[in-house]
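**Q** Following this message is one structure expressed as structure tokens.
The values are calculated or read from the model by the stated rules, or taken from the named source; none is laboratory data. Keep in mind that what you see is a predicted model, and the values were worked out from it rather than measured. Every residue, glycine among them, receives a Cβ derived from its backbone with ideal geometry; neighbour counts consider all protein chains shown. For the accessible areas, the whole protein counts, side chains as well, though only heavy atoms, and no ligand, DNA or RNA atoms are used. Shrake-Rupley method; radii C 1.70, N 1.55, O 1.52, S 1.80 Å.
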Amino acid sequence: MDESRRIAGVDEVPEESTLLVTLRPVDPESVDEGEGDVGEAEDGTPEAEAMLTRAAGDVRAFRNYCQHWTDVRLDKDDGAFVRNGEVFCQKHGATFEADGGYCNFGPCEGAVLESVDVAVNGDDVYLTDDAYEFVRLGHSHRDGDGGDSRIDFTGN
């Protein structure tokens with residue numbers, strides 16, 4: 001596989017949290033500035049975030065925004081809250097199944113997280129989604145708080 005599309009080692013992707021990465025959309029018009037995970041590179045091109053998890057056994061990746069209010073990030077660069085194979089939106093209490101992104105509880109019940117195609121080859125995870133290029137581990141560069149909230153539905 002193309003080394004420039006290597007995201008991380010499989011062992012770096014947590015089972016009970018998420019790993020945040022920054023991607024560059026091949027088509028800049030394909031991302032909406034209203035999505036909480038969208039930032040901008042130094043040259044002005046848009047960046048988007050994806051979160052990777054092994055909560056469902058296999059490595060899965062999703063864009064890093066809630067389906068209820070798309071300006072809310074699920075992983076705020078410290079790992080999203082994950083329990084029993086579900087990724088939680090800490091602002092709304094919505095839960096998304098880690099194996100496919102389906103929201104099974106909360107204000108966006110029935111919605112599905114936007115998936116990003118990845119594949120495991122040996123001990124490494126690679127970006128296979130032709131709509132994106134891998135930029136780096138960690139958050140995108142953006143202004144604002146990305147939907148942070150004092151409300152926390154995780155019990156913390």
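**Q** Please name whichever of 52, 34, 92 sits farthest to the positive end of the charge dipole of the chain, dipole taken about the Cα centre and charges placed at Cβ: Lys and Arg +1, Asp and Glu -1.
**A** Going by the charge dipole, the pick is 92.
**Q** Given DSSP loops and a limit of at most 15 other Cβ atoms within 10 Å, what is the longest stretch of the chain that contains no such GluC sites (Glu not before Pro)? Could you put the intermediate results ahead of the total?
**A** Details: sites that count: 15, 16, 33, 42, 109.
Segment 43-108 is the longest.
**Q** Right, here's the next one. Taking only protein heavy atoms into account and a 1.4 Å probe, give the accessible area per residue of the chain in Å². List each step's numbers first, then the result.
**A** On the way: 7780 Å² over 156 residues.
In whole numbers, the chain has 50 Å² accessible per residue.
**Q** Rounded if a/c is under 1.5, else prolate if a/b beats b/c, else oblate: with a ≥ b ≥ c from the C-alpha gyration tensor eigenvalues square-rooted, which is the stretch 46-95?
**A** Cα axes put the stretch 46-95 in the oblate bin.
**Q** From Cα pairs below 8 angstrom and at least 6 apart in sequence, can you work out the relative contact order of the stretch 1-154, rounded to a whole percent? Walk me through the intermediate numbers first.
**A** On the way: 391 pairs, mean separation 47.8, N = 154.
Across the stretch 1-154, relative contact order equals 31 percent.
**Q** For the stretch 88-141, which whole-number percentage of the solvent-accessible area (1.4 Å probe, protein heavy atoms only) is attributable to carbon and sulfur atoms? Mind showing how you got there, number by number?
**A** Numbers: 1100 of 2430 Å².
The C+S portion of the solvent-accessible surface of the stretch 88-141 is 45 percent.
**Q** Using the crude model of +1 on Lys and Arg Cβ and -1 on Asp and Glu Cβ, and no other charge, please compute the dipole size for the chain relative to its Cα centre, in debye to 20.
**A** On the way: 13 positive and 37 negative charges, 108 e Å.
Dipole size: approximately 520 debye.
**Q** So how exposed is residue 4, as accessible area in Å² (1.4 Å probe, rounded to 10)?
**A** 80
**Q** Let a ≥ b ≥ c be the square roots of the eigenvalues of the Cα gyration tensor of the chain; is it rounded (a/c under 1.5), or, if not, prolate (a/b larger than b/c) or oblate? Walk me through the intermediate numbers first.
**A** Values: a/c = 1.73, a/b = 1.16, b/c = 1.49.
Oblate is the answer for the chain, as a/c is 1.5 or above yet b/c matches or exceeds a/b.
**Q** Treating only the Cβ atoms of Lys and Arg (+1) and Asp and Glu (-1) as charged, compute the dipole magnitude of the stretch 27-71 about its Cα centre; round to the nearest 20 debye. It would help to have the intermediate numbers written out before the result.
**A** Working: 3 positive and 13 negative charges, 108 e Å.
Charge dipole, the stretch 27-71, about its Cα centre: 520 debye, nearest 20.
**Q** Something else now. Taking 0.36 nm per residue of separation and subtracting the Cα-Cα distance, what length does fully extending residue 11 through residue 58 add? Each step should come with its number before you reach the end.
**A** Details: separation 47, 0.36 × 47 = 16.92 nm, distance 1.16 nm.
Gain on stretching residue 11 to residue 58: 15.8 nm.
**Q** Right, something else. Using θ = phi - 60° and the Karplus relation 6.51 cos²θ - 1.76 cosθ + 1.60, list the HN-Hα couplings for the stretch 73-86 in order, rounded to whole Hz, with x at every Gly or Pro.
**A** With coefficients 6.51, -1.76 and 1.60, one gets 7, 7, 10, 9, 6, 9, x, 6, 6, 10, 8, 6, x, 10 Hz.
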